[in-house]
Amino acid sequence: MLNNVSIKSLLAASLCAMGLSFQALAADVAIVIHGGAGTILKKNMTPEREKAYVEKLTEAVKKGYALLQSGVDGETAVVETIQVLEQSPLFNAGIGAVYTFDGEHELDASMMHGGTLNAGAVAGVKTIASPIAAAQAVMEHSPHVMLSGEGAEEFALSRGMEPVDNHIFDTERRYKALEKARERILKAGIAYGGQQGNERIGTVGAVVIDKQGNLVAGTSTGGMTAKRYGRIGDSPVIGAGTWADNSSCAVSATGHGEYFIRYHVAADICSRMKYTGVSLDEAANTVINDVLVEAGGDGGIIAIDHDGNIAAVFNSAGMYRAQIDTDGKVKVGIYKDWIE
Ligand code: ASP
């Protein structure tokens, strides 16, 4: 039986043969989001906490989907969806972000548009309430791709984003995690918390295909607990934590950033699709479950391809995630299996 996506593909091929563009007719939208991957085990979860995650993920994914259906562009849908998660203390982004070794929050975010291949990112910012909105501003209103620290904050101010006190991102749960990580670091003499379990989980991301058929991806994070020396992870690095290209796919990643940077994870998945012709699912599984596992990097990705197929793949115990596909079917997951 033909599903929506194969009907779209057939239609696209016929229109192309007639010399017409499919984009003008495309209407099916889809969205997938994540709220971080890692050692998320049911035995460590209370029913209340699980419910809170499911509700917040559902709220965010439904908001993004409704925006896409109303015809807004993918950039707006990605930013507004991620903002729901940045404003929730459940996630390691915005409020609820992890602490640096010195007890502050340094936030990273990025976004990319698969139609124009434009991209924007901010790294190590302390006073921007919504790093994903700042990343969008860099993409749309600056000639640059990545701005860091005070320069990024100055740019955000010039775009009308009022600075906030770094303490607005504070939460007790993340402070306790910092104390634990600091103790480990001081004992072991390592640069920062090393392989982290529950301490860093909660980076957020969104990937969409909008009514124009454009793929857009965005990611926002506080990074790793007890990070030092101005450490920047993969989340603001285009190609590592975020990637979008209408000719293949769009990806937002979460996991141990150093591995995602070195293995160029987000772009590698789309390149494998583009140059070897494998499906999104196969490309994502190879990179996350073969390449990264062999390297020792834990984490996962969410992705959508140019036909609207969705992938949510992770090599850790769990990944907070939710999606609404081109048929409007909603799925939410935390552990290996979807909750639905
Ligand atoms: N990738 C993020 C970083 O390394 C952390 C995470 O996604 O959990 O900064």
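The values are calculated or read from the model by the stated rules, or taken from the named source; none is laboratory data. On a predicted model such as this, the values are computed, not experimentally measured, just so you know. Cβ atoms come from the backbone with ideal geometry, glycine included; neighbour counts cover every protein chain shown. Each accessible area value is taken on the protein alone, full model and side chains, heavy atoms only, with ligands, DNA and RNA left out. Shrake-Rupley method; radii C 1.70, N 1.55, O 1.52, S 1.80 Å.
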Determine if region 49-61 includes at least one residue that is touching an Asp or Glu at 6+ places or on another chain (Cβ under 7 Å) and part of a helix (DSSP H, G or I). no
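For region 250-271, check the following and say yes or no: at least one residue is within 14 Å of the ligand (Cβ to nearest atom), among the acidic types (D, E) and not in a loop (DSSP other than H, G, I, E, B). Can you show your working first?
Initial filter on region 250-271 (within 14 Å of the ligand (Cβ to nearest atom)): 251-266.
Right, trim to among the acidic types (D, E) and you get 258.
Going one step further and asking which of them are not in a loop (DSSP other than H, G, I, E, B), we end up with 258.
Looking for residues that are within 14 Å of the ligand (Cβ to nearest atom), among the acidic types (D, E) and not in a loop (DSSP other than H, G, I, E, B), one finds at least one in region 250-271, hence yes.
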Test A284 against the criterion of being within 15 Å of the chain's Cα centre (by Cα), away from the ligand (no atom under 13 Å from the Cβ) and part of a strand (DSSP E or B), and give yes or no. no
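Among the residues of region 99-114, write down those that are farther than 13 Å from N166 by Cβ and either open to solvent by 10 Å² or more (accessible area, probe 1.4 Å) or hydrophobic (A, V, I, L, M, F, W, C) (or both). Steps first, answer last, please.
Our first condition is that a residue be farther than 13 Å from N166 by Cβ; within region 99-114, this holds for 101, 108-114.
The answer is F101, A109, M111, M112, H113.
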Out of all the residues in region 50-66, which are open to solvent by less than 30 Å² (accessible area, probe 1.4 Å) and over 17 Å from I310 (Cβ atoms)? Y53
Subset tally (residues that are in contact (Cβ under 8 Å) with a residue 40 or more places away in the chain and among the polar types (S, T, N, Q)) for region 24-78: 4
For S235, all conditions in the list (1) assigned to a loop (DSSP other than H, G, I, E, B); (2) open to solvent by 10 Å² or more (accessible area, probe 1.4 Å); (3) modelled with pLDDT of 95 or more hold save one; what is the number of the exception? (2)
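The rows are residues; the columns are (1) of a type in the set (A, V, I, L, M, F, W, C); (2) under 20 Å from E172 (Cβ atoms); (3) touching a helix residue (DSSP H, G or I) at 6+ places or on another chain (Cβ under 7 Å).
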{"site": "E48", "(1), (2), (3)": "no, yes, no"}
{"site": "L57", "(1), (2), (3)": "yes, no, no"}
{"site": "L68", "(1), (2), (3)": "yes, no, yes"}
{"site": "V72", "(1), (2), (3)": "yes, no, no"}
{"site": "L85", "(1), (2), (3)": "yes, yes, yes"}
{"site": "S88", "(1), (2), (3)": "no, yes, yes"}
{"site": "G94", "(1), (2), (3)": "no, yes, yes"}
Condition first: under 18 Å from N246 (Cβ atoms) and either open to solvent by less than 20 Å² (accessible area, probe 1.4 Å) or charged (D, E, K, R) (or both). Now tell me which residues in region 115-135 satisfy that. A119, G120
Scan region 282-298 and tell me whether some residue there is under 24 Å from R49 (Cβ atoms) and touching a residue at least 12 places away in the same chain (Cβ under 8 Å). yes
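Give A177, A156 a once-over and let me know the one that is open to solvent by less than 40 Å² (accessible area, probe 1.4 Å) and either touching a Leu at 6+ places or on another chain (Cβ under 9 Å) or at pLDDT 95 or above (or both).
Details: A177 fails: either touching a Leu at 6+ places or on another chain (Cβ under 9 Å) or at pLDDT 95 or above (or both).
So the residue among A177, A156 that is open to solvent by less than 40 Å² (accessible area, probe 1.4 Å) and either touching a Leu at 6+ places or on another chain (Cβ under 9 Å) or at pLDDT 95 or above (or both) is A156.
Evaluate the following for A77: is it more than 16 Å from the ligand (Cβ to nearest atom), open to solvent by 30 Å² or more (accessible area, probe 1.4 Å), aliphatic (A, V, I, L, M) and touching a Leu at 6+ places or on another chain (Cβ under 7 Å)?
Working: more than 16 Å from the ligand (Cβ to nearest atom): yes; open to solvent by 30 Å² or more (accessible area, probe 1.4 Å): no; aliphatic (A, V, I, L, M): yes; touching a Leu at 6+ places or on another chain (Cβ under 7 Å): yes.
Answer is no for this residue.
Anything in region 200-231 that is away from the ligand (no atom under 16 Å from the Cβ) and either under 28 Å from T127 (Cα atoms) or surrounded by 24 or more Cβ atoms within 10 Å (Cβ to Cβ) (or both)? List them, or say none.
Scanning region 200-231 gives V208, I209, D210, G213, L215, V216.
Could you tell me whether S70 is more than 18 Å from A250 (Cβ to Cβ) and either open to solvent by 30 Å² or more (accessible area, probe 1.4 Å) or at pLDDT 95 or above (or both)? Reasoning before the result, please.
Numbers: more than 18 Å from A250 (Cβ to Cβ): yes; either open to solvent by 30 Å² or more (accessible area, probe 1.4 Å) or at pLDDT 95 or above (or both): yes.
For S70, the condition - more than 18 Å from A250 (Cβ to Cβ) and either open to solvent by 30 Å² or more (accessible area, probe 1.4 Å) or at pLDDT 95 or above (or both) - is met.
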Lone qualifier among K274, K331, K336 - being farther than 27 Å from M45 by Cα, of a type in the set (D, E, K, R) and out of contact with any His (no Cβ under 9 Å at 6 or more places or on another chain): K274
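Any idea which residue in region 232-249 is nearest to V78 (Cα to Cα), counting only those that are within 11 Å of the ligand (Cβ to nearest atom) and in contact (Cβ under 8 Å) with a residue 40 or more places away in the chain?
Residue satisfying both the conditions and the ranking: T242.
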Residue tally, condition under 21 Å from L215 (Cα atoms), in a strand (DSSP E or B) and within 16 Å of the ligand (Cβ to nearest atom), over region 287-313: 6
